[in-house]
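The values are calculated or read from the model by the stated rules, or taken from the named source; none is laboratory data. If you're wondering where the values come from, they're calculated on a predicted model, not measured in any experiment. Quick reminder, even Gly has a Cβ in these numbers, built from the backbone with ideal geometry, and neighbours come from all protein chains shown. Please note that ligands, DNA and RNA were not included when accessible areas were found on the heavy atoms of the full protein model with its side chains. Shrake-Rupley method; radii C 1.70, N 1.55, O 1.52, S 1.80 Å.
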Amino acid sequence: MLFNMFGIPLVGADICGFAGNTTEELCVRWSQLGAFYPFMRNHNDFHSQSQEPYVFSQKAQAAIRKALLLRYSLLPYLYTLFHKAHTAAETVARPLFFEFPSDPNTWTVDHQMMWGEALLITPVLQQGKTEVKGYFPPVTWYSLYDGSAVRSKGQYVVLSTPLDTINVHVREGCILPLQLPNTTTTASRINPFKLIVALSESGAARGELFWDDGEGLLTFERGDYTHILFLATSNIIASTLIHVNSQIDGLTLGEVSVFGVANPPQKVFVNGVSISDFSFRLDTKVLSLPKLSLPIGMEFTITWSWGN
């Protein structure tokens, strides 16, 4: 996080350590944390024991694979954060006090971090632990995995953390662009997108997506990119095209999950057309639209209603 504050966002420690030998469990935990380093690399010196994922047990490999796929699913959001770092000198990984400077409890938190304004990461850093205590600033936070809410007043919360899990929470009022992951970035980039919409108490949320060819230099300066704004207000989600290029052609939005919907919707409309393929969980207040096929490069609206 220090290097991000220094204006150097593409950084990350050598996962599982450079010198000396790790343990299987701690290498799993470090890999989970490392999935949220802006620059992720497992690396050690010649004289240390091998620590590639394949040298560990099947259980450990599965946990590390899960962390890697989570990172790959979040690449559209991470890429957008790097765009902001390039154009507006923002940080990618940042301490909690960057987002909540008036909360003195955040000033000394050094075992958690955020990706941008939207994601709170709470890793396990000790051997033998299946719970972790994390600080949640005074807003509503939603589990990235199932949308269950932590309505914090500014407090520490004990979180269950089995070996295959790192706790990640989405801040209310944010919209995250995700993508179905694959084993390479090239393969991931052609998969359908997913939006996670984390509603605030007033039903609002905002997010954006920056997209280019993934390889070229100065695409923003040359105007060779796509920039999409996502907004939610009350019971409406809409996209606005700020700038479009051909790199977005053929890519689709395949799924939307809306966290924090107060009541079960009776009807859902996509671009004004009623759809029946949606679900709502009463326990977590999550509205899911799992089978969309909307061109991401075209503006869309999604609405829901509670009456007939």
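Within region 247-262, can one find any residue that is of a type in the set (Ser, Thr, Tyr) and open to solvent by 50 Å² or more (accessible area, probe 1.4 Å)? The answer is no, given that none of the residues of region 247-262 is of a type in the set (Ser, Thr, Tyr) and open to solvent by 50 Å² or more (accessible area, probe 1.4 Å).
If the condition is being farther than 26 Å from residue 229 by Cβ, touching a residue at least 60 places away in the same chain (Cβ under 8 Å) and of a type in the set (Val, Ile, Thr), then region 78-115 contributes no residue at all. Looking only at residues in region 204-235 that are under 21 Å from residue 147 (Cα atoms), free of Cβ contacts under 8 Å to residues at least 40 places away in the same chain and in a loop (DSSP other than H, G, I, E, B), the one that is least open to solvent (accessible area, probe 1.4 Å) is 204.
Counting just the residues of region 2-43 that are open to solvent by 70 Å² or more (accessible area, probe 1.4 Å) and touching a residue at least 60 places away in the same chain (Cβ under 8 Å), which one comes out nearest to residue 114 (Cα to Cα)? Result: 5. If you go through region 43-60 and pick out every residue that is closer than 21 Å to residue 167 by Cα and at pLDDT below 95, you end up with 1. Considering (1) touching a Gly at 6+ places or on another chain (Cβ under 7 Å); (2) open to solvent by 60 Å² or more (accessible area, probe 1.4 Å); (3) not hydroxyl-bearing (Ser, Thr, Tyr), the lone condition that residue 272 does not fulfil carries the number (1).
Entry remark, region 236-275: residues being in a loop (DSSP other than H, G, I, E, B), closer than 17 Å to residue 303 by Cβ and small (Gly, Ala, Ser) number 3 in total. Filtering region 276-297 to residues that are farther than 25 Å from residue 144 by Cβ and either in contact with a helix residue (DSSP H, G or I) (Cβ under 9 Å, 6 or more places away or on another chain) or assigned to a strand (DSSP E or B) (or both) leaves 295, 297. Being over 26 Å from residue 5 (Cα atoms) and free of Cβ contacts under 8 Å to residues at least 24 places away in the same chain: is that true of residue 197 here? When the stated conditions are applied, residue 197 does not pass them. Pairs linking a residue in region 261-277 that is closer than 17 Å to residue 233 by Cα to a residue that is modelled with pLDDT under 95 and surrounded by 13 or more Cβ atoms within 10 Å (Cβ to Cβ), with Cβ atoms under 7 Å and 6 or more positions apart or on different chains, do not occur. Number of residues in region 158-185 that are part of a strand (DSSP E or B) and open to solvent by 30 Å² or more (accessible area, probe 1.4 Å) equals 3.
Of everything listed in (1) at pLDDT below 95; (2) more than 19 Å from residue 77 (Cα to Cα); (3) surrounded by 14 or more Cβ atoms within 10 Å (Cβ to Cβ), the single unmet condition for residue 307 is (3). Considering only residues of region 168-183 that are among the hydrophobic types (A, V, I, L, M, F, W, C) and touching a helix residue (DSSP H, G or I) at 6+ places or on another chain (Cβ under 6 Å), which is farthest from residue 197 (Cα to Cα)? The qualifying residue farthest from residue 197 (Cα to Cα) is 178.
Here the condition is being closer than 21 Å to residue 293 by Cα, β-branched (Val, Ile, Thr) and touching a Leu at 6+ places or on another chain (Cβ under 8 Å); of 248, 237, 166, it holds for 237 alone.
No other residue among 301, 284 is modelled with pLDDT of 95 or more, closer than 20 Å to residue 208 by Cα and among the β-branched types (Val, Ile, Thr) apart from 301.
For region 44-74, the set of residues classified as assigned to a loop (DSSP other than H, G, I, E, B) and either open to solvent by 60 Å² or more (accessible area, probe 1.4 Å) or of a type in the set (A, V, I, L, M) (or both) consists of 46, 47, 49, 50, 52, 74, listed by residue number.
Of all residues in region 123-140, those being within 16 Å of residue 97 (Cα to Cα) and part of a strand (DSSP E or B) number 3.
The residues of region 79-108 that are out of contact with any Ser or Thr (no Cβ under 7 Å at 6 or more places or on another chain), open to solvent by less than 10 Å² (accessible area, probe 1.4 Å), hydrophobic (A, V, I, L, M, F, W, C) and assigned to a helix (DSSP H, G or I) amount to a single one, 81.
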